[in-house]
1. How big is the protein assembly as shown on each of its three principal axes, counting only the C-alpha atoms and giving the largest first in Å?
2. Just checking the output field for B:71-77: average partner chain Cβ neighbours within 10 Å of each residue's Cβ?
3. Say the dipole of segment B:97-142 comes from +1 at the beta carbon of Lys and Arg and -1 at that of Asp and Glu; which of B:SER106, B:SER138, B:LEU120 then lies farthest toward its positive end?
4. Using a/c under 1.5 as the rounded threshold, could you call segment A:72-195 rounded, prolate or oblate? The axes a ≥ b ≥ c are square roots of the C-alpha gyration tensor eigenvalues, and prolate needs a/b larger than b/c, oblate otherwise.
5. Using a ≥ b ≥ c from the Cα gyration tensor of segment A:135-247 (square roots of the eigenvalues), is it rounded, prolate or oblate, where a/c under 1.5 gives rounded and otherwise the larger of a/b and b/c decides, a/b for prolate?
6. Cross-link candidates for A:LYS87: which aspartates and glutamates have Cα within less than 20 Å, leaving aside residues fewer than 8 places away along the same chain?
7. Given the C-alpha centroids of segment A:37-88 and segment A:108-137, what is the distance between them in whole angstrom?
8. Toward the positive end of the charge dipole of chain B, about the Cα centre and with charges on Cβ (Lys, Arg +1; Asp, Glu -1), which of B:THR66, B:HIS149, B:THR2 goes farthest?
Amino acid sequence: MSVTTADAVRPLPGRRWLTAAIVWALLLSVPAWLPMLGGYTALAARVLVLGLAAMSFNLLLGFTGVMSFGHAAYFGLGAYGAGLTLKYLAASTPLAMLMGVLLGGVAGTLFGLLIVRRRGVYFAMVTVAFGQIAFYIAYSWNDLTGGYDGLRGFTRAPLDLGFATIDIANNDIAFYYFLLAVFAVATGLQGLLLASPFGRTLLAIRENERRARFLGIPIERHIWMSFSISCAFTALAGALYALLNNFADPMGLHYTLSGEIVIMAVMGGMRAFWGPLVGATLFVVAQDYISSITVNWMSFVGLIFVLVVLFFPRGLLGMLQGRGGR
Amino acid sequence: MTMLDVRNVSKHFGRLAAVSEISMQVAPGELRAIIGPNGAGKTTFFNMISGFFAPTTGDIVFDGVTVTKLPVAARVAMGMARTFQITEIFPELTVRENIRIGVESSLGLRQRFWLRARDLAVVRRGIDEAVTQAGLTSKADRLVGELSHGDQRAAEIATALTLKPRLLLLDEPTAGMGEHETYAVANLIRRLHKNSAYTIVLIEHDMRVVFNLADKITVLAEGRMLAEGTPAEIAENPAVQEAYLGKAE
């Protein structure tokens with residue numbers, strides 16, 4: 001017979017809303033408290049952008065159970081899509097974002113078609129391969145992308161709302177809140193997606209592919225859809241990254257960034273919705289702080305990662321939320 | 001009238017003939033048990049029926065349609081559902097969520113990004129029905145992975161039932177269970193058969209369960225059909241006694 005223990009029951013839904021409330025309170029008030037801790041707004045902007053990338057990646061790893069080691073490719077394509085649009089097409093920030101999402105999203109959708117039948121390590125390996133192909137294209141196509149030096153000569157355009165113009169180009173705080181608004185829409189959509197019947201089929205695939213198949217769920221198609229959606233959101237993060245830096249470079253497509261995205265998601269907690277954001281925060285802050293002391297910052301971040309994985313296998317937020325949280 | 005018509009199927013893995021020329025007909029509403037010693041080819045036979053893999057030769061006709069080479073999803077859509085020897089569930093989801101995935105899949109909502117209020121009401125009703133049927137009402141919000149073996153099995157069967165299957169395939173539903181749990185699962189199967197008129201094919205090792213539940217029994221040995229008949233006929237059959245029952249008792 002089964003024994004009821006407090007442990008065996010999932011935390012009440014209230015716990016999840018509490019996490020969301022804390023996350024939003026902190027994000028909304030960043031300009032008020034961050035300078036007091038010696039931070040600067042651009043650092044918070046970086047957290048938002050990489051946090052969005054990690055959360056988008058986590059749709060695949062944490063909520064579909066499929067590992068990609070090449071998500072930087074879509075991040076980088078998003079960045080180039082936005083940068084090239086601003087440089088050659090039009091000085092429109094929304095158009096730049098749209099083009100970035102399209103470039104990364106379509107690339108992910110087409111590539112996804114080819115690989116959904118692969119599983120596990122094989123899937124991860126082909127995603128690395130595609131990422132490196134994208135990297136070398138960006139690296140070699142000097143005329144278009146600026147090659148190794150990266151794409152320069154564009155700046156984000158002020159946001160024209162029709163009745164008012166928001167100067168996100170020069171006002172850091174305005175730009176931060178612009179990023180936060182995009183982040184809110186993107187993560188809101190992700191939350192709705194995961195709460196939908198389609199989202200539940202992804203959890204089903206993660207939990208037990210065989211059972212899911214015998215419930216009539218077309219596994220390959222749903223993994224493909226999840227991959228495409230994940231890539232499109234990652235590309236959005238990449239587009240925002242180009243806007244943040246007014247710059248796009250091949251390292252934005254390199255597999256080291258893919259690895260960092262994985263580290264953020266796992267460190268923060270891949271089963272927790274906000275986990276990757278927590279991981280991204282730790283990563284970005286640690287990188288910023290430690291790299292001001294030593295050039296070997298990556299070894300320290302690596303050490304933190306190892307410690308987190310050893311002592312909190314569910315990640316930082318997973319540990320804080322207790323068992324079964326998401 | 002036949003619900004399931006298996007015609008002369010064989011399955012070869014390389015030079016090994018796991019199943020050789022077995023035929024079987026199951027009538028609507030029948031509960032058929034497949035028994036046989038280890039290595040008799042029972043699970044291989046099952047896997048061909050459910051579409052896990054195709055037979056090397058022979059045909060499988062379900063409800064008048066040849067399904068021999070159809071993929072799993074197509075068979076599920078036609079009304080075939082199965083459980084596995086080792087319970088296959090979604091361990092880190094609750095009983096209710098496990099069942100909900102089945103309900104939404106069977107209602108054709110699996111690709112929806114949102115639910116209308118009307119659909120949601122239907123889904124809720126389906127979940128409640130299945131939870132009650134499986135006798136898991138008091139455990140509906142527990143994670144399935146943390147339930148007892150018997151309750152996990154009940155949750156698996158309940159999830160399969162959400163597909164409203166016309167044929168339910170159960171691979172050793174009481175495997176690895178104690179007295180009490182075996183009794184509970186056997187009772188669940190009896191209810192499904194007697195009260196809800198499900199057509200059920202099951203593989204089972206527990207002879208008390210088999211002889212109490214089955215309308216007809218198919219005996220396999222070494223990949224071949226040894227005998228087929230009512231429980232009384234099988235109990236009397238000398239070949240079965242020699243090859244199987246005699247050895248077991």
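Read the figures in this text as sums done on the coordinates, not as results from a lab. Source: prediction; values computed, not measured. Here the Cβ is made from the backbone with ideal geometry for all residues, glycine too, and neighbour counts use every protein chain on show.
1. Taking the Cα atoms of the protein assembly as shown, the three principal extents are 91, 50, 48 Å.
2. 4
3. B:LEU120
4. It is oblate, given that a/c is not under 1.5 and a/b is not larger than b/c.
5. Judged from the Cα gyration tensor, segment A:135-247 comes out oblate (a/c at least 1.5, b/c at or above a/b).
6. A:LYS87 reaches A:ASP143, A:ASP149, A:ASP160, A:ASP167, A:ASP249.
7. 18
8. B:THR66
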